[in-house]
Ligand SMILES: [Zn+2]
(Lines give C-alpha, C1' and ligand atoms only; values in the text may rest on other atoms or scores of the structure.)
Protein backbone atom coordinates (compact mmCIF):
# COMPACT_ATOMS: atom_id res chain seq x y z
CA UNK A 1 0.00 0.00 0.00
CA UNK A 2 1.21 3.49 -0.78
CA UNK A 3 1.60 6.11 1.91
CA UNK A 4 -0.46 9.27 1.61
CA UNK A 5 0.75 12.31 3.54
CA UNK A 6 -2.15 14.33 4.84
CA UNK A 7 -1.85 18.13 5.13
CA UNK A 8 -2.70 19.73 8.48
CA UNK A 9 -6.06 21.04 7.28
CA UNK A 10 -7.28 17.54 6.40
CA UNK A 11 -5.94 15.67 9.41
CA UNK A 12 -9.15 15.94 11.39
CA UNK A 13 -10.90 14.25 8.49
CA UNK A 14 -8.67 11.19 8.82
CA UNK A 15 -8.80 10.94 12.60
CA UNK A 16 -5.78 13.11 13.23
CA UNK A 17 -3.27 10.96 11.32
CA UNK A 18 -0.34 12.64 9.53
CA UNK A 19 -0.18 9.87 6.98
CA UNK A 20 -2.38 6.96 6.03
CA UNK A 21 -1.73 3.80 4.01
CA UNK A 22 -4.04 3.47 1.02
CA UNK A 23 -4.24 0.84 -1.71
CA UNK A 24 -4.65 1.63 -5.39
CA UNK A 25 -2.59 1.34 -8.58
CA UNK A 26 -3.09 4.89 -9.84
CA UNK A 27 -3.47 8.33 -8.29
CA UNK A 28 -7.16 8.19 -9.10
CA UNK A 29 -7.62 4.84 -7.34
CA UNK A 30 -5.63 5.90 -4.31
CA UNK A 31 -7.62 9.11 -3.92
CA UNK A 32 -10.91 7.26 -4.47
CA UNK A 33 -10.00 4.71 -1.81
CA UNK A 34 -8.87 7.46 0.55
CA UNK A 35 -12.13 9.34 0.09
CA UNK A 36 -14.16 6.13 0.52
CA UNK A 37 -12.45 5.46 3.83
CA UNK A 38 -12.62 9.08 4.91
CA UNK A 39 -15.61 10.77 3.23
CA UNK A 40 -14.83 14.10 4.92
CA UNK A 41 -11.64 14.26 2.86
CA UNK A 42 -13.58 13.80 -0.35
CA UNK A 43 -15.93 16.59 0.58
CA UNK A 44 -12.98 18.95 0.78
CA UNK A 45 -10.74 17.97 -2.11
CA UNK A 46 -13.21 16.71 -4.73
CA UNK A 47 -15.60 18.73 -6.85
CA UNK A 48 -19.29 17.82 -7.19
CA UNK A 49 -18.47 15.67 -10.23
CA UNK A 50 -15.74 13.80 -8.38
CA UNK A 51 -12.68 15.38 -9.93
CA UNK A 52 -9.90 16.93 -7.90
CA UNK A 53 -10.18 20.62 -7.05
CA UNK A 54 -7.67 22.84 -8.84
CA UNK A 55 -6.34 24.12 -5.52
CA UNK A 56 -5.13 20.68 -4.47
CA UNK A 57 -1.70 19.54 -5.64
CA UNK A 58 -0.79 15.87 -5.59
CA UNK A 59 2.81 14.68 -5.66
CA UNK A 60 4.00 11.15 -6.32
CA UNK A 61 7.45 10.59 -4.84
CA UNK A 62 8.06 14.33 -4.82
CA UNK A 63 6.98 14.97 -8.42
CA UNK A 64 3.86 16.93 -9.34
CA UNK A 65 1.32 14.40 -10.61
CA UNK A 66 -0.08 17.00 -13.03
CA UNK A 67 3.24 16.85 -14.85
CA UNK A 68 3.25 13.04 -14.83
CA UNK A 69 0.05 11.41 -15.99
CA UNK A 70 -2.12 13.29 -13.52
CA UNK A 71 -4.76 11.01 -12.02
CA UNK A 72 -3.64 8.15 -14.28
CA UNK A 73 -0.13 8.27 -12.82
CA UNK A 74 0.75 4.76 -11.67
CA UNK A 75 1.34 4.31 -7.96
CA UNK A 76 3.56 1.53 -6.63
CA UNK A 77 3.37 -0.28 -3.31
CA UNK A 78 6.16 1.73 -1.72
CA UNK A 79 5.34 5.09 -3.28
CA UNK A 80 4.53 8.19 -1.27
CA UNK A 81 1.76 10.58 -2.23
CA UNK A 82 1.55 14.09 -0.86
CA UNK A 83 -1.73 15.96 -0.90
CA UNK A 84 -0.93 19.63 -0.78
CA UNK A 85 -3.22 22.61 -0.71
CA UNK A 86 -1.50 25.98 -0.38
CA UNK A 87 -1.12 27.41 3.12
CA UNK A 88 -1.56 31.11 3.73
CA UNK A 89 -0.20 31.58 7.19
CA UNK A 90 2.62 33.91 8.11
CA UNK A 91 1.34 34.16 11.66
CA UNK A 92 0.62 37.85 11.71
CA UNK B 1 77.20 30.33 2.11
CA UNK B 2 73.48 30.91 2.36
CA UNK B 3 72.10 33.33 -0.22
CA UNK B 4 71.48 36.90 0.95
CA UNK B 5 68.33 38.86 0.21
CA UNK B 6 70.12 40.46 -2.74
CA UNK B 7 71.11 37.01 -4.01
CA UNK B 8 67.48 35.87 -3.85
CA UNK B 9 66.34 38.92 -5.80
CA UNK B 10 69.05 38.40 -8.39
CA UNK B 11 68.10 34.74 -8.78
CA UNK B 12 64.46 35.71 -9.19
CA UNK B 13 65.34 38.31 -11.84
CA UNK B 14 66.94 35.59 -13.90
CA UNK B 15 63.61 33.78 -14.38
CA UNK B 16 61.00 36.50 -13.87
CA UNK B 17 60.60 39.30 -16.44
CA UNK B 18 60.02 42.70 -14.85
CA UNK B 19 57.46 44.93 -16.52
CA UNK B 20 57.52 48.73 -16.38
CA UNK B 21 54.22 50.35 -15.34
CA UNK B 22 54.15 52.52 -18.48
CA UNK B 23 54.47 49.43 -20.70
CA UNK B 24 51.60 47.48 -19.16
CA UNK B 25 49.32 50.40 -18.18
CA UNK B 26 47.58 50.70 -21.59
CA UNK B 27 46.52 47.05 -21.43
CA UNK B 28 45.43 47.33 -17.79
CA UNK B 29 43.43 50.48 -18.52
CA UNK B 30 41.74 48.80 -21.47
CA UNK B 31 40.81 45.89 -19.22
CA UNK B 32 42.90 43.54 -21.36
CA UNK B 33 45.85 43.13 -19.05
CA UNK B 34 47.09 40.05 -17.24
CA UNK B 35 45.57 38.94 -13.97
CA UNK B 36 47.19 41.24 -11.41
CA UNK B 37 47.91 39.71 -8.03
CA UNK B 38 48.77 42.26 -5.36
CA UNK B 39 50.81 40.56 -2.64
CA UNK B 40 51.04 43.47 -0.18
CA UNK B 41 49.58 43.42 3.31
CA UNK B 42 45.98 44.41 3.90
CA UNK B 43 46.80 47.84 5.32
CA UNK B 44 48.77 48.67 2.14
CA UNK B 45 46.07 47.31 -0.17
CA UNK B 46 43.50 49.44 1.60
CA UNK B 47 45.37 52.57 0.45
CA UNK B 48 44.71 51.75 -3.20
CA UNK B 49 45.79 49.28 -5.87
CA UNK B 50 46.01 48.67 -9.60
CA UNK B 51 42.62 48.52 -11.32
CA UNK B 52 41.16 45.03 -11.32
CA UNK B 53 43.88 43.58 -9.12
CA UNK B 54 43.12 40.73 -6.75
CA UNK B 55 44.58 40.81 -3.29
CA UNK B 56 46.52 37.84 -1.93
CA UNK B 57 48.91 38.83 0.88
CA UNK B 58 52.34 37.28 0.36
CA UNK B 59 51.85 34.94 3.32
CA UNK B 60 48.78 33.34 1.70
CA UNK B 61 50.11 33.25 -1.86
CA UNK B 62 50.90 29.55 -2.13
CA UNK B 63 47.64 28.47 -0.53
CA UNK B 64 45.28 30.84 -2.35
CA UNK B 65 46.75 31.31 -5.80
CA UNK B 66 45.05 28.37 -7.44
CA UNK B 67 41.65 29.66 -6.32
CA UNK B 68 42.34 33.02 -7.94
CA UNK B 69 43.74 31.80 -11.24
CA UNK B 70 42.29 29.77 -14.07
CA UNK B 71 45.40 27.61 -14.46
CA UNK B 72 49.18 27.60 -14.49
CA UNK B 73 49.25 28.99 -18.03
CA UNK B 74 47.31 32.16 -17.19
CA UNK B 75 49.24 35.40 -17.67
CA UNK B 76 49.97 36.86 -14.24
CA UNK B 77 51.42 40.20 -13.16
CA UNK B 78 52.52 40.28 -9.55
CA UNK B 79 52.64 43.63 -7.83
CA UNK B 80 53.73 44.91 -4.43
CA UNK B 81 54.85 48.26 -3.06
CA UNK B 82 58.29 48.60 -4.65
CA UNK B 83 58.74 45.56 -6.89
CA UNK B 84 60.84 43.37 -4.61
CA UNK B 85 58.27 41.29 -2.74
CA UNK B 86 56.49 40.80 -6.04
CA UNK B 87 59.66 39.52 -7.66
CA UNK B 88 60.13 36.90 -4.96
CA UNK B 89 56.44 36.03 -5.04
CA UNK B 90 56.60 35.63 -8.81
CA UNK B 91 59.62 33.34 -8.44
CA UNK B 92 57.63 31.21 -5.99
CA UNK B 93 54.78 30.97 -8.51
CA UNK B 94 57.25 29.97 -11.22
CA UNK B 95 58.53 27.28 -8.88
CA UNK B 96 54.91 26.16 -8.42
CA UNK B 97 54.63 25.64 -12.17
CA UNK B 98 53.13 28.96 -13.31
CA UNK B 99 54.68 29.56 -16.70
CA UNK B 100 53.61 33.11 -17.57
CA UNK B 101 54.46 35.26 -14.55
CA UNK B 102 55.87 38.78 -14.55
CA UNK B 103 56.60 41.28 -11.78
CA UNK B 104 55.68 44.96 -11.77
CA UNK B 105 58.94 46.95 -11.73
CA UNK B 106 58.93 49.65 -9.07
CA UNK B 107 55.64 48.29 -7.74
CA UNK B 108 52.58 50.30 -6.83
CA UNK B 109 54.80 53.28 -5.87
CA UNK B 110 56.11 53.72 -9.42
CA UNK B 111 52.66 53.00 -10.86
CA UNK B 112 51.20 55.80 -8.80
CA UNK B 113 54.15 58.11 -9.52
CA UNK B 114 53.51 57.72 -13.24
CA UNK B 115 49.89 58.77 -12.64
CA UNK B 116 48.34 55.54 -13.84
CA UNK B 117 44.81 54.95 -12.54
CA UNK B 118 44.42 53.69 -9.00
CA UNK B 119 41.45 51.81 -7.63
CA UNK B 120 40.46 52.36 -4.02
CA UNK B 121 39.14 49.16 -2.48
CA UNK B 122 35.78 49.28 -0.81
CA UNK B 123 36.57 47.97 2.60
CA UNK B 124 34.87 47.19 5.85
CA UNK B 125 35.63 49.57 8.68
CA UNK B 126 37.51 48.15 11.64
CA UNK B 127 34.25 47.98 13.57
CA UNK B 128 32.53 46.18 10.70
CA UNK B 129 35.41 43.74 10.37
CA UNK B 130 35.00 42.88 13.98
CA UNK B 131 31.20 42.68 13.97
CA UNK B 132 31.04 40.56 10.83
CA UNK B 133 34.27 38.61 11.41
CA UNK B 134 32.50 35.23 11.37
CA UNK B 135 31.06 36.08 7.94
CA UNK B 136 34.36 37.39 6.62
CA UNK B 137 35.97 34.08 7.56
CA UNK B 138 33.62 32.14 5.29
CA UNK B 139 35.15 31.92 1.80
CA UNK B 140 31.71 32.13 0.14
CA UNK B 141 30.96 35.40 1.95
CA UNK B 142 34.24 37.10 2.79
CA UNK B 143 34.75 40.85 2.95
CA UNK B 144 33.31 41.30 -0.52
CA UNK B 145 30.16 39.37 0.35
CA UNK B 146 29.73 41.32 3.55
CA UNK B 147 30.02 44.57 1.60
CA UNK B 148 27.37 43.22 -0.78
CA UNK B 149 25.06 42.50 2.15
CA UNK B 150 25.65 45.98 3.55
CA UNK B 151 24.64 47.41 0.18
CA UNK B 152 21.57 45.15 -0.07
CA UNK B 153 17.94 45.96 0.53
CA UNK B 154 15.46 43.37 1.72
CA UNK B 155 11.71 43.96 1.95
CA UNK B 156 9.79 41.93 4.50
CA UNK B 157 6.07 41.59 4.07
CA UNK B 158 4.86 41.25 7.63
CA UNK B 159 6.81 41.74 10.83
CA UNK B 160 4.96 38.84 12.44
CA UNK B 161 5.73 35.17 12.96
CA UNK B 162 7.99 34.75 9.94
CA UNK B 163 9.09 38.36 9.67
CA UNK B 164 10.30 38.52 13.29
CA UNK B 165 13.13 35.99 13.04
CA UNK B 166 13.82 36.84 9.39
CA UNK B 167 14.19 40.56 10.10
CA UNK B 168 16.21 39.93 13.25
CA UNK B 169 18.73 37.67 11.56
CA UNK B 170 18.95 39.71 8.36
CA UNK B 171 19.71 42.74 10.52
CA UNK B 172 22.32 40.82 12.49
CA UNK B 173 23.83 39.65 9.20
CA UNK B 174 24.29 43.26 8.17
CA UNK B 175 21.77 43.50 5.34
CA UNK B 176 22.07 47.25 4.99
CA UNK B 177 18.45 48.20 4.43
CA UNK B 178 15.43 46.34 5.73
CA UNK B 179 11.91 47.39 4.81
CA UNK B 180 9.06 46.24 7.05
CA UNK B 181 5.53 46.32 5.70
CA UNK B 182 2.96 45.85 8.43
CA UNK B 183 -0.11 47.85 9.38
CA UNK B 184 -0.75 45.79 12.50
CA UNK B 185 0.15 46.54 16.11
CA UNK B 186 1.82 44.20 18.58
CA UNK B 187 -0.69 42.12 20.51
CA UNK B 188 0.01 40.09 23.62
CA UNK B 189 -0.95 36.92 21.74
CA UNK B 190 1.86 37.61 19.21
CA UNK B 191 4.63 37.25 21.76
CA UNK B 192 4.52 33.43 21.85
CA UNK B 193 6.38 33.52 18.52
CA UNK B 194 7.06 37.06 17.28
CA UNK B 195 10.35 37.38 19.08
CA UNK B 196 11.36 40.76 17.71
CA UNK B 197 8.60 42.40 19.75
CA UNK B 198 8.46 42.83 23.50
CA UNK B 199 5.83 42.91 26.20
CA UNK B 200 6.32 46.63 26.75
CA UNK B 201 5.71 47.34 23.07
CA UNK B 202 2.21 45.82 22.97
CA UNK B 203 0.08 48.29 21.03
CA UNK B 204 2.99 49.66 18.99
CA UNK B 205 3.05 49.26 15.20
CA UNK B 206 4.94 46.05 14.41
CA UNK B 207 7.30 47.77 11.99
CA UNK B 208 8.16 50.43 14.57
CA UNK B 209 8.57 47.82 17.27
CA UNK B 210 10.87 45.73 15.06
CA UNK B 211 12.82 48.85 14.16
CA UNK B 212 13.53 49.45 17.82
CA UNK B 213 14.79 45.89 18.31
CA UNK B 214 16.97 46.12 15.20
CA UNK B 215 18.43 49.45 16.31
CA UNK B 216 19.51 47.82 19.57
CA UNK B 217 20.97 44.82 17.75
CA UNK B 218 22.68 46.54 14.83
CA UNK B 219 22.37 50.34 14.65
CA UNK B 220 24.04 50.36 11.25
CA UNK B 221 20.99 48.85 9.56
CA UNK B 222 18.62 51.28 7.90
CA UNK B 223 15.05 50.24 8.73
CA UNK B 224 12.23 51.55 6.58
CA UNK B 225 8.88 51.19 8.30
CA UNK B 226 5.95 50.93 5.89
CA UNK B 227 2.97 50.99 8.26
CA UNK B 228 0.30 49.99 5.78
CA UNK B 229 -0.95 46.95 3.90
CA UNK B 230 0.70 46.15 0.63
CA UNK B 231 -1.84 46.57 -2.17
CA UNK B 232 -2.20 46.95 -5.91
CA UNK B 233 -1.45 50.67 -5.80
CA UNK B 234 1.74 50.57 -3.75
CA UNK B 235 3.26 47.15 -4.42
CA UNK B 236 5.27 47.96 -7.55
CA UNK B 237 6.86 51.07 -6.06
CA UNK B 238 7.68 49.17 -2.89
CA UNK B 239 9.24 46.14 -4.58
CA UNK B 240 11.12 48.37 -6.99
CA UNK B 241 13.16 49.77 -4.10
CA UNK B 242 14.42 46.41 -2.89
CA UNK B 243 16.68 43.57 -4.06
CA UNK B 244 14.68 40.72 -2.54
CA UNK B 245 11.24 40.33 -1.01
CA UNK B 246 10.54 38.00 1.90
CA UNK B 247 6.90 36.93 1.98
CA UNK B 248 5.58 36.42 5.48
CA UNK B 249 2.01 37.43 4.67
CA UNK B 250 -0.92 35.86 6.45
CA UNK B 251 -3.43 35.73 3.63
CA UNK B 252 -3.79 34.56 0.05
CA UNK B 253 -4.73 37.85 -1.64
CA UNK B 254 -1.42 39.35 -0.47
CA UNK B 255 0.55 36.26 -1.47
CA UNK B 256 -0.88 36.21 -5.01
CA UNK B 257 -0.42 39.98 -5.27
CA UNK B 258 3.26 39.62 -4.31
CA UNK B 259 3.70 36.71 -6.69
CA UNK B 260 2.47 38.73 -9.66
CA UNK B 261 4.14 41.99 -8.64
CA UNK B 262 7.51 40.30 -8.09
CA UNK B 263 7.33 39.01 -11.66
CA UNK B 264 6.65 42.54 -12.91
CA UNK B 265 9.53 44.06 -10.97
CA UNK B 266 11.71 40.92 -11.40
CA UNK B 267 12.34 40.81 -7.69
CA UNK B 268 13.26 37.40 -6.26
CA UNK B 269 10.54 36.24 -3.85
CA UNK B 270 11.42 34.18 -0.79
CA UNK B 271 8.31 32.33 0.29
CA UNK B 272 7.27 30.62 3.49
CA UNK B 273 3.97 29.74 5.05
CA UNK B 274 3.15 28.05 8.30
CA UNK B 275 0.31 26.34 10.11
CA UNK B 276 0.28 24.38 13.33
CA UNK B 277 3.35 22.12 13.09
CA UNK B 278 4.00 22.48 9.38
CA UNK B 279 5.96 24.93 7.26
CA UNK B 280 6.42 25.42 3.52
CA UNK B 281 9.26 27.36 1.94
CA UNK B 282 10.48 28.06 -1.58
CA UNK B 283 12.18 30.72 -3.66
CA UNK B 284 10.56 32.14 -6.77
CA UNK B 285 13.09 33.57 -9.20
CA UNK B 286 11.17 35.61 -11.79
CA UNK B 287 11.09 33.98 -15.22
CA UNK B 288 14.01 31.78 -14.30
CA UNK B 289 12.35 29.30 -11.98
CA UNK B 290 8.69 28.60 -11.30
CA UNK B 291 6.50 31.28 -9.72
CA UNK B 292 4.02 30.94 -6.87
CA UNK B 293 1.17 30.39 -9.33
CA UNK B 294 3.10 27.64 -11.10
CA UNK B 295 3.06 25.92 -7.71
CA UNK B 296 -0.43 26.87 -6.56
CA UNK B 297 -2.55 28.01 -9.52
CA UNK B 298 -5.31 29.05 -7.16
CA UNK B 299 -5.95 29.35 -3.44
CA UNK B 300 -8.09 26.90 -1.48
CA UNK B 301 -11.44 28.02 -0.12
CA UNK B 302 -11.35 29.60 3.35
CA UNK B 303 -12.32 26.44 5.26
CA UNK B 304 -9.32 24.63 3.79
CA UNK B 305 -7.02 27.55 4.41
CA UNK B 306 -7.42 28.64 7.99
CA UNK B 307 -5.11 31.34 9.25
CA UNK B 308 -2.80 30.75 12.21
CA UNK B 309 -5.20 32.97 14.13
CA UNK B 310 -7.91 30.40 13.50
CA UNK B 311 -5.97 27.15 13.53
CA UNK B 312 -2.94 27.96 15.64
CA UNK B 313 0.77 27.61 15.08
CA UNK B 314 3.62 26.27 17.15
CA UNK B 315 5.66 29.34 18.09
CA UNK B 316 9.08 27.88 17.42
CA UNK B 317 8.00 26.76 13.95
CA UNK B 318 8.15 30.44 13.00
CA UNK B 319 11.80 30.54 14.00
CA UNK B 320 12.69 27.61 11.77
CA UNK B 321 10.79 28.83 8.73
CA UNK B 322 11.62 32.52 9.17
CA UNK B 323 15.26 31.58 9.29
CA UNK B 324 14.96 29.36 6.24
CA UNK B 325 13.72 32.55 4.56
CA UNK B 326 16.57 34.65 5.96
CA UNK B 327 19.06 32.02 4.77
CA UNK B 328 17.59 31.98 1.29
CA UNK B 329 17.43 35.78 1.13
CA UNK B 330 21.14 36.00 1.99
CA UNK B 331 21.99 33.39 -0.65
CA UNK B 332 19.94 35.26 -3.23
CA UNK B 333 21.66 38.54 -2.33
CA UNK B 334 25.13 36.99 -2.48
CA UNK B 335 24.41 34.74 -5.46
CA UNK B 336 25.80 31.71 -3.66
CA UNK B 337 24.71 28.12 -3.21
CA UNK B 338 21.56 26.46 -4.46
CA UNK B 339 18.39 28.21 -3.39
CA UNK B 340 15.01 26.56 -3.01
CA UNK B 341 14.06 27.79 -6.51
CA UNK B 342 12.28 24.86 -8.15
CA UNK B 343 11.76 23.10 -4.85
CA UNK B 344 9.15 23.30 -2.12
CA UNK B 345 10.58 22.47 1.28
CA UNK B 346 8.07 21.02 3.72
CA UNK B 347 8.99 20.95 7.38
CA UNK B 348 6.93 18.72 9.64
CA UNK B 349 7.84 19.62 13.19
CA UNK B 350 5.87 16.72 14.69
CA UNK B 351 7.77 14.15 12.68
CA UNK B 352 10.90 16.38 12.56
CA UNK B 353 11.16 15.70 8.86
CA UNK B 354 12.14 17.88 5.94
CA UNK B 355 10.59 16.80 2.64
CA UNK B 356 11.24 18.31 -0.76
CA UNK B 357 8.82 18.46 -3.65
CA UNK B 358 9.89 19.38 -7.16
CA UNK B 359 8.26 22.54 -8.50
CA UNK B 360 8.45 23.12 -12.24
CA UNK B 361 7.56 26.11 -14.37
CA UNK B 362 4.08 25.65 -15.73
CA UNK B 363 4.15 26.44 -19.47
CA UNK B 364 0.52 27.49 -19.16
CA UNK B 365 1.05 29.53 -15.99
CA UNK B 366 -1.42 32.43 -16.01
CA UNK B 367 1.21 34.63 -14.35
CA UNK B 368 4.64 33.72 -15.76
CA UNK B 369 3.80 31.59 -18.83
CA UNK B 370 4.60 32.82 -22.34
CA UNK B 371 0.94 33.58 -23.01
CA UNK B 372 0.21 35.11 -19.64
CA UNK B 373 -1.61 38.42 -19.55
CA UNK B 374 0.00 39.57 -16.35
CA UNK B 375 -1.68 42.47 -14.64
CA UNK B 376 -2.46 43.29 -11.06
CA UNK B 377 -6.04 42.49 -10.22
CA UNK B 378 -8.48 42.63 -7.32
CA UNK B 379 -6.93 39.71 -5.45
CA UNK B 380 -9.43 39.84 -2.59
CA UNK B 381 -12.31 39.27 -4.98
CA UNK B 382 -10.39 36.70 -6.99
CA UNK B 383 -9.39 34.66 -3.94
CA UNK B 384 -12.95 34.78 -2.60
CA UNK B 385 -14.24 33.71 -6.01
CA UNK B 386 -12.03 30.74 -6.83
CA UNK B 387 -12.97 28.98 -3.63
CA UNK B 388 -16.64 28.98 -4.46
CA UNK B 389 -16.71 28.79 -8.22
CA UNK B 390 -14.65 26.07 -9.78
CA UNK B 391 -14.58 27.70 -13.18
CA UNK B 392 -13.04 31.00 -12.14
CA UNK B 393 -9.53 29.57 -12.21
CA UNK B 394 -9.80 28.83 -15.90
CA UNK B 395 -10.55 32.38 -16.86
CA UNK B 396 -8.44 34.11 -14.25
ZN1 LIG C 1 4.30 30.79 -13.02
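Assorted remarks:
- Yes/no for residue B:335 being within 21 Å of the chain's Cα centre (by Cα) and either surrounded by fewer than 21 Cβ atoms within 10 Å (Cβ to Cβ) or more than 13 Å from the ligand (Cβ to nearest atom) (or both): yes
- Residue match in the stretch B:375-387 (condition: within 25 Å of residue A:63 (Cα to Cα), modelled with pLDDT under 95 and under 31 Å from the mean Cα position of the chain (by Cα)): no
- Residues within the stretch A:8-56 that are outside any helix (DSSP H, G or I), touching a strand residue (DSSP E or B) at 6+ places or on another chain (Cβ under 6 Å) and closer than 15 Å to residue B:301 by Cβ, tallied: 2
- Selected residue [in the same structural domain as residue B:364 (by TED's automatic domain parsing) and either closer than 21 Å to residue B:182 by Cβ or away from the ligand (no atom under 13 Å from the Cβ) (or both)] from B:275, B:263: B:275
- Of everything in the stretch B:340-370 that is crowded, with 16+ Cβ neighbours inside 10 Å and more than 25 Å from the chain's Cα centre (by Cα), the residue that is nearest to the ligand (Cβ to nearest atom) is B:365.
- Pairs, first on the phi > 0 side of the Ramachandran plot and in contact (Cβ under 8 Å) with a residue 40 or more places away in the chain in the stretch B:340-352, second surrounded by fewer than 17 Cβ atoms within 10 Å (Cβ to Cβ) and in a strand (DSSP E or B), C-beta under 9 Å, six or more apart: B:342/B:358
- Selected residue (criterion: nearest to the ligand (Cβ to nearest atom)) from residues of the stretch B:294-319 that are more than 8 Å from chain A (Cβ to nearest Cβ), over 24 Å from the mean Cα position of the chain (by Cα) and assigned to a helix (DSSP H, G or I): B:294
- Residue list for the stretch B:175-191, filter: touching a strand residue (DSSP E or B) at 6+ places or on another chain (Cβ under 9 Å) and within 13 Å of chain A (Cβ to nearest Cβ): B:180, B:181, B:182, B:183, B:184, B:185, B:186
- Screening the stretch B:131-174 for residues that are within 14 Å of chain A (Cβ to nearest Cβ) and more than 14 Å from residue B:223 (Cα to Cα) and picking the one that is surrounded by the fewest Cβ atoms within 10 Å (Cβ to Cβ) gives B:165.
- Selection status of residue B:71, under 27 Å from the mean Cα position of the chain (by Cα), more than 21 Å from residue B:9 (Cα to Cα) and surrounded by fewer than 14 Cβ atoms within 10 Å (Cβ to Cβ): no
- Residues in the stretch B:267-292 that are within 14 Å of chain A (Cβ to nearest Cβ) and at positive phi: B:276 only.
- Residue within the stretch A:64-74 that is in contact with a strand residue (DSSP E or B) (Cβ under 7 Å, 6 or more places away or on another chain) and exposed (fewer than 14 other Cβ atoms within 10 Å of the Cβ) present: yes
- In the stretch B:372-385, the residues that are more than 16 Å from the ligand (Cβ to nearest atom) reach residues that are assigned to a helix (DSSP H, G or I) with C-beta atoms within less than 8 angstrom, at least six apart or across chains, in these pairs: B:380/B:253; B:383/B:252; B:383/B:253; B:383/B:256; B:385/B:392.
- Test: residue in the stretch B:351-362 that is within 25 Å of residue A:40 (Cα to Cα) and within 8 Å of chain A (Cβ to nearest Cβ): yes
- Among the residues of the stretch B:41-70, those identified as part of a loop (DSSP other than H, G, I, E, B) and over 20 Å from residue B:115 (Cβ atoms) are B:41, B:46, B:56, B:57, B:69, B:70.
The values are calculated or read from the model by the stated rules, or taken from the named source; none is laboratory data. All figures in this text were calculated on a predicted structure; none of them were measured in a lab. Every residue, glycine as well, gets a Cβ built from its backbone with ideal geometry; the counts of neighbours run over all protein chains shown.
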